[in-house]
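J.: The structure follows.
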Number of protein chains: 4
Amino acid sequence: MPRGPEAVRKWEEITYWPLIIASLLWLIAYSWKSITDAQGELAVVLWTIIGLTYVVFVVDYVVRLFLAKPRGVWFRGHLLDLAIVAIPMLRALRLLRAITSMTFGRHSAGTVLRSRIAIYGAGASLLVIYLCALAVLDVERGAPGANIENFGDAIWWAFVTVATVGYGDYYPVTALGRIWAVGLMAGGIAIVGTVTATVSSYVIEKAAAGRDDDEPATRGQVRGLAQEMTELSGYLKAAKSGEGTDAK
Amino acid sequence: MPRGPEAVRKWEEITYWPLIIASLLWLIAYSWKSITDAQGELAVVLWTIIGLTYVVFVVDYVVRLFLAKPRGVWFRGHLLDLAIVAIPMLRALRLLRAITSMTFGRHSAGTVLRSRIAIYGAGASLLVIYLCALAVLDVERGAPGANIENFGDAIWWAFVTVATVGYGDYYPVTALGRIWAVGLMAGGIAIVGTVTATVSSYVIEKAAAGRDDDEPATRGQVRGLAQEMTELSGYLKAAKSGEGTDAK
Amino acid sequence: MPRGPEAVRKWEEITYWPLIIASLLWLIAYSWKSITDAQGELAVVLWTIIGLTYVVFVVDYVVRLFLAKPRGVWFRGHLLDLAIVAIPMLRALRLLRAITSMTFGRHSAGTVLRSRIAIYGAGASLLVIYLCALAVLDVERGAPGANIENFGDAIWWAFVTVATVGYGDYYPVTALGRIWAVGLMAGGIAIVGTVTATVSSYVIEKAAAGRDDDEPATRGQVRGLAQEMTELSGYLKAAKSGEGTDAK
Amino acid sequence: MPRGPEAVRKWEEITYWPLIIASLLWLIAYSWKSITDAQGELAVVLWTIIGLTYVVFVVDYVVRLFLAKPRGVWFRGHLLDLAIVAIPMLRALRLLRAITSMTFGRHSAGTVLRSRIAIYGAGASLLVIYLCALAVLDVERGAPGANIENFGDAIWWAFVTVATVGYGDYYPVTALGRIWAVGLMAGGIAIVGTVTATVSSYVIEKAAAGRDDDEPATRGQVRGLAQEMTELSGYLKAAKSGEGTDAK
């Protein structure tokens, strides 16, 4: 069997849609199980789906690691993929990748980037909030002294946390629940940072507009100037040598 | 009846003031009803005003949709208008539009933009806080286990939430109240982001001032240089051809 | 008595130190009264000092308004001074003005600006937190249901609020206390915004360093280029006219 | 014994590893004591290690102060070192200094800077959170009315505080605990500011990419132009003088 970047690329092409479907199956089964606190036969079915999709993800990773040529290099360059295998939550974020290939018509690079950040950021934020709410609900439900007992309260808690408001009407009490909560808080800081950065980029760009003469000279302008100079230089040298010829 | 962009523009010109008055009427009636928890005949009057202004907004939207020439294009380009019809809260924000046409004398583009953002932002923030307080009060008052029971507590809760402080002395307990609260939190993040972006733009602009020689070359400068070069080029070519004439 | 900008300037020169001393007296008396909840004779003395310094501030404002030549213009341009007279808290911020005239040796404009923002910002933040803690303690102490009852708790509450943490162990319950709290939250957002803006300015400046050839061309560079071109142009024209003279 | 900058440098070279080992010993002993609330003989051993490392730090500072030539200048320029001696917590941050010498291959200056900020920032944040949790646990444990009684709750409280969420399930009640908490909140604001600044720098850089002609002209470009002009100028002058020679 051939190995190397080409083989990996081909494998990724073949598994693109199956993996997306496996991700969706995982998301649905995990949500169902967590939200309804499914018991009995249904729980067995859902756990089976979750387990099978997990096997798919592990197999995919192992195959890619096997196909890669300098395996050490590939491994070091794909630590994120290892994290995604270990924490299936992260995989759902992959579903958002399609957004990054969206086109936004003929707009400035800044506008396209900001639109992309806004759409991807909003999607990722909602998905992270939803998944953290599920994960926390999963570990808190039934724990002694816990106050997050149903999905409605869990999603409300997640929004209150990610916005760094923190009323304190709900909060995790188990160690695992708190670890997820810390991850969600980090996500909240990242969201605030990204919103601010995007608005900043817009304000700074706009603040510079409308006073064209005072804006930084563009590369295009200097290139135009350089071309004009080259032409003049060429003209003068040609005229000179022409003169020289006349003189003979 | 003629249709097309021209007809829409004319309709918007005619309905400009009536719609502002309808917005104000809606705002007053809704505030009155929510703050006083009006009952009996007064409630009937207030609900009638709210209902009538709502009809006005729907009619305005339908007429504009009817007048637009490629209706699909207009519809896709005016999804915000549809949202404003559905959630009358948003319409009140239209009242702030007048601010954007304010003039700020002879200042740099950055200063004008920042002043506009500051004034519009402050106005929009206060209006959003006020309207969310009303909406939450409306749905929470009388709900079992609710702690937001009068307007004073509602507006205090709204400020505590929008600043992402979240003491937890007041918080919504109904599903609808929590949805409004999440909207308010998003508004809070937007406010923090906008304040930061505006201050950033100012600091970055100021940090570059006072060291003119080290600042980016301006387009005006390069244009001046290009003109000088064109003149020299023209002069040399004219001199050359003059020489050529002399030589004959 | 002469009136006009010159007279106002002279008055401000004369009253500079007396007003600073009055501000300090006010700050000490108000702090003493609020922190110790002074009663009896001491309270009379402290209230007298607070009252007298207040009279001084009002007289100063009235005299300046009287001395200004186009009074309407001066009034509109000094609304902040009116606010400072009305809310003596703001006057204490004037004490920080001396900082803005500090020098920072030979550093880049950005570094000086950022140092100034950091020092002034830290000073203003601490003063605002201190004054809001005093004001809230003043109105909350003794109110029914209040939980901010001594200065230690008040200053702790103020820090928790300004950092937008909001544990909810202490919070104001009176209308006036809540208004001060909202002001403090606004201050907190401003602090976060200013810290972020200052760090941003630093990061953006540093991110551009160390790759001189890729940095924006400076005005100094283009000026140098323009001068070289002017010289060449002058040389060529002089040579030409010299040639013309030779030819005669 | 020789004194001056050279002697100080030599001393710092010699003490580099011993000081790092002392810092680590201090960190381990302090953590052990605080987390386990060690009593009896173990406590004596741990306190001895803490005390000895402290002596090492004081001796190091005194020796450096002694070796420095203009002692006043060195003292004013090393106030941070004095703070580090007084608050051993800060010393642990020195352990992170090694990060700043990490290399990041061939990337743009902005990318290297942002990677460094991200790694150092994450390390410093985790260390500050850990140390503040220890310090607060140390002073709160056993205090009347305290609710932070074990390390798990202390570290959870520290994360909730630094993210400015502040549920209010745990909070310090002693004066010293609150002072540490205020420091942690300041750290939280600094983290939010740094995250935002780093994202901003990235967004602003990317927003400018992909439209090369519209980007600010670079210094390299203008240097190229200036060189071309100098060549032309030299050529013309040489040609002129050549002409002059011909004419003779």
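J.: Can you tell me which residues in segment B:141-166 are touching a residue at least 12 places away in the same chain (Cβ under 8 Å) and either β-branched (Val, Ile, Thr) or touching a Pro at 6+ places or on another chain (Cβ under 6 Å) (or both)?
T.: B:148, B:155, B:161, B:162, B:164
J.: Among the residues of segment A:118-128, count how many are within 14 Å of chain D (Cβ to nearest Cβ) and surrounded by 21 or more Cβ atoms within 10 Å (Cβ to Cβ).
T.: Residues flagged as within 14 Å of chain D (Cβ to nearest Cβ) and surrounded by 21 or more Cβ atoms within 10 Å (Cβ to Cβ) within segment A:118-128 amount to 0.
J.: Here's another thing I want to ask about it. What are the pairs, 6+ residues apart or on separate chains, where a residue within segment D:204-230 that is over 22 Å from residue A:230 (Cα atoms) and surrounded by fewer than 19 Cβ atoms within 10 Å (Cβ to Cβ) has its Cβ under 6 Å from a residue that is at pLDDT below 65 and among the acidic types (Asp, Glu)?
T.: Taking only residues 6 or more apart or on different chains, the pairs are D:208/D:215.
J.: Take the conditions surrounded by 14 or more Cβ atoms within 10 Å (Cβ to Cβ), free of Cβ contacts under 8 Å to residues at least 40 places away in the same chain and over 24 Å from residue B:124 (Cα atoms) and apply them to residue B:46. Does it pass?
T.: It is true that residue B:46 is surrounded by 14 or more Cβ atoms within 10 Å (Cβ to Cβ), free of Cβ contacts under 8 Å to residues at least 40 places away in the same chain and over 24 Å from residue B:124 (Cα atoms).
J.: Here is a further query. Residue A:112 - would you say it is without any contact (Cβ under 8 Å) to a residue 12 or more places away in the chain, over 15 Å from residue D:167 (Cα atoms), at the interface with another protein chain (Cβ under 10 Å from one of its Cβ atoms) and not small (Gly, Ala, Ser)?
T.: So residue A:112 passes the test.
Residue-wise test of (1) in a helix (DSSP H, G or I); (2) at pLDDT 90 or above; (3) touching a helix residue (DSSP H, G or I) at 6+ places or on another chain (Cβ under 9 Å).
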residue	(1), (2), (3)
B:148	no, yes, yes
B:165	no, yes, yes
B:170	no, yes, yes
B:173	no, yes, yes
B:177	yes, yes, yes
B:181	yes, yes, yes
B:193	yes, no, yes
B:199	yes, no, yes
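J.: Only one of A:119, A:191, A:129, A:204 is farther than 28 Å from residue B:177 by Cα and of a type in the set (Val, Ile, Thr). Can you tell me which?
T.: So the residue among A:119, A:191, A:129, A:204 that is farther than 28 Å from residue B:177 by Cα and of a type in the set (Val, Ile, Thr) is A:204.
J.: Follow-up question, since we're still on this one. Can you go through B:148, B:191 and tell me which one is in contact with a Leu (Cβ under 9 Å, 6 or more places away or on another chain) and crowded, with 21+ Cβ neighbours inside 10 Å?
T.: Sole residue among the options that is in contact with a Leu (Cβ under 9 Å, 6 or more places away or on another chain) and crowded, with 21+ Cβ neighbours inside 10 Å: B:148.
J.: Name the residues in segment B:167-188 that are crowded, with 23+ Cβ neighbours inside 10 Å, facing another protein chain (nearest Cβ under 7 Å) and in contact (Cβ under 8 Å) with a residue 24 or more places away in the chain, would you?
T.: Across segment B:167-188, the qualifying residues are B:171, B:188.
J.: Residue by residue through segment A:1-22, note down the ones that are surrounded by fewer than 11 Cβ atoms within 10 Å (Cβ to Cβ), closer than 25 Å to residue A:51 by Cα and not hydrophobic (A, V, I, L, M, F, W, C).
T.: A:13, A:16
J.: Right, next: Residues D:113, D:80: which one is touching a Lys or Arg at 6+ places or on another chain (Cβ under 6 Å) and at pLDDT below 90?
T.: D:113 is the lone residue from the list that is touching a Lys or Arg at 6+ places or on another chain (Cβ under 6 Å) and at pLDDT below 90.
J.: Of a type in the set (Val, Ile, Thr), within 30 Å of residue A:150 (Cβ to Cβ) and surrounded by 12 or more Cβ atoms within 10 Å (Cβ to Cβ) - does that describe any residue in segment A:50-67?
T.: yes
J.: How many residues are closer than 21 Å to residue D:132 by Cα and aliphatic (A, V, I, L, M) when one looks only at segment D:1-51?
T.: The total comes to 13.
The values are calculated or read from the model by the stated rules, or taken from the named source; none is laboratory data. Because the structure is predicted, anything quoted here is derived from the model rather than measured. Neighbour counts run over all protein chains shown; Cβ positions are idealised from the backbone, glycine included.
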